[in-house]
1. For segment 127-141, in order, what is each residue's ³J(HN,Hα) by Karplus, 6.51 cos²θ - 1.76 cosθ + 1.60 with θ = phi - 60°, in whole Hz (x at glycine and Pro)?
2. Non-local amide H neighbours of Val35 (under 5 Å, H modeled in plane, Pro and chain starts lacking H): which ones?
3. Would you list, by chain and number, the aspartates and glutamates whose Cα falls below 19 Å from the Cα of Lys47, excluding same-chain residues fewer than 8 positions away?
4. Among Gly231, Val205, Leu6, whose Cα projects farthest towards the positive end of the dipole of the chain, with charges put on the beta-carbon of Lys, Arg (+1) and Asp, Glu (-1)?
5. Work out the length of the dipole vector of segment 197-264 about its Cα centre, built from +1 on the beta-carbon of each Lys and Arg and -1 on the beta-carbon of each Asp and Glu, and round it to the nearest 20 debye.
6. Along each of the three principal axes of the Cα atoms of segment 102-233, give the extent in whole Å, ordering the values from largest to smallest.
7. For segment 161-254, what does the relative contact order come out to in percent, with C-alpha contacts under 8 Å and a separation of six or more?
8. Under the rule a/c < 1.5 gives rounded, and otherwise a/b versus b/c splits prolate from oblate, where does the chain land using the Cα gyration tensor?
Amino acid sequence: MTVFDLTGRKALVTGGAQGLGEGMAQALAAAGAHVVVADVQDDLGPKVAEALGEGHGFVHLDVTDDASWATAVADAAGQLGGLDILVNNAGIEITSLFVDLDPDAVRRQLEVNLLGTSLGIKHAFLAMRPGGVAGKGGAVVNVASVAATIAFPGIGVYSATKSGVDRLTRVAAMEAGKLGYGVRVNCIYPGLVPTAMGAGLANDVAAIGLFPSPEEAVGAVIGLTPAGRLGEVSDMADAVVFLASDAARFITGAGLAVDGGMGM
Ligand SMILES: NC(=O)c1ccc[n+]([C@@H]2O[C@H](COP(=O)([O-])OP(=O)(O)OC[C@H]3O[C@@H](n4cnc5c(N)ncnc54)[C@H](O)[C@@H]3O)[C@@H](O)[C@H]2O)c1
């Protein structure tokens, strides 16, 4: 057994029905954790959980809804017999030039990315702190973005929400420490990964005229990346396993760039 081992840990991954969240759920399970996949997608989510095998599950969760969080965390902790790890991964990205901003799209990104992550921290703390339904402390990993550390055109509001996730992480870590919750809080800044969101972003920045084609948008990202490639789902998932594990026992309030060097 290594310090990266998660045997016996209980984890909830938001936005786990596809993309990075699905990969994070798989990596946490492979490291030994029991995982509950949480998502608004009631069709895909249970299939992801089923593919993880025995001892894993699915809960419906809309991260923008406080009551949905309360139900989902109680349900997950009931299914798993506790809760030690929350991955706040659910997020949305709506590409737009500032001159074309749609207030509803701005609000939607604020709601899912910032309100959703805030409520996740709230309910993780309530469950994991002494006296909570799980009560044994734990680790929260928030998913920010390289967009929080660079200025890429067409994603101004999304980038701002991810800078917000970065700041939520720092303050939450401080509060958890000061109040003796026994919960570490960290975030990762993923680089571009060609999931539905990542591929959609490349299409959208081309469609609004910032790049001649999606391929050239991707080429520009790779050109800005010292590692010389896009990110892969497993790159992000392994970083989440690390931050959730005892290998990161003295790491809290940190942001880990997992971007091939793009955001340095
Ligand atoms: N793909 C990338 O290039 C990239 C880069 C940096 C950061 N990120 C971040 O990683 C996270 C995952 O991205 P992805 O590429 O897997 O995206 P994705 O669109 O493939 O998956 C997002 C998941 O979140 C779920 N979701 C959306 N709104 C929700 C809500 N209100 N409640 C619960 N679940 C909800 C969706 O149903 C979906 O399963 C996001 O926070 C994203 O901002 C992605």
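1. Couplings: 7, 8, 5, x, x, x, 4, 9, x, 10, x, x, 9, 10, 10 Hz.
2. Amide H neighbours of Val35: Ala11, Gly57.
3. Candidates past the 8-residue exclusion: Glu22, Asp39, Asp62, Asp75.
4. Of the options given, the answer is Leu6.
5. In total the dipole reaches around 160 debye.
6. Each principal axis gives a Cα extent; for segment 102-233 these are 56, 36, 22 Å.
7. 37 percent
8. In terms of gyration-tensor shape, prolate.
Bear in mind these aren't lab numbers, they're just calculated from the coordinates by the rules spelled out. Nothing here was measured: the structure is a model prediction, and the numbers come from that model. We place every Cβ from the backbone using ideal geometry, glycine too, and count neighbours over all the protein chains shown.
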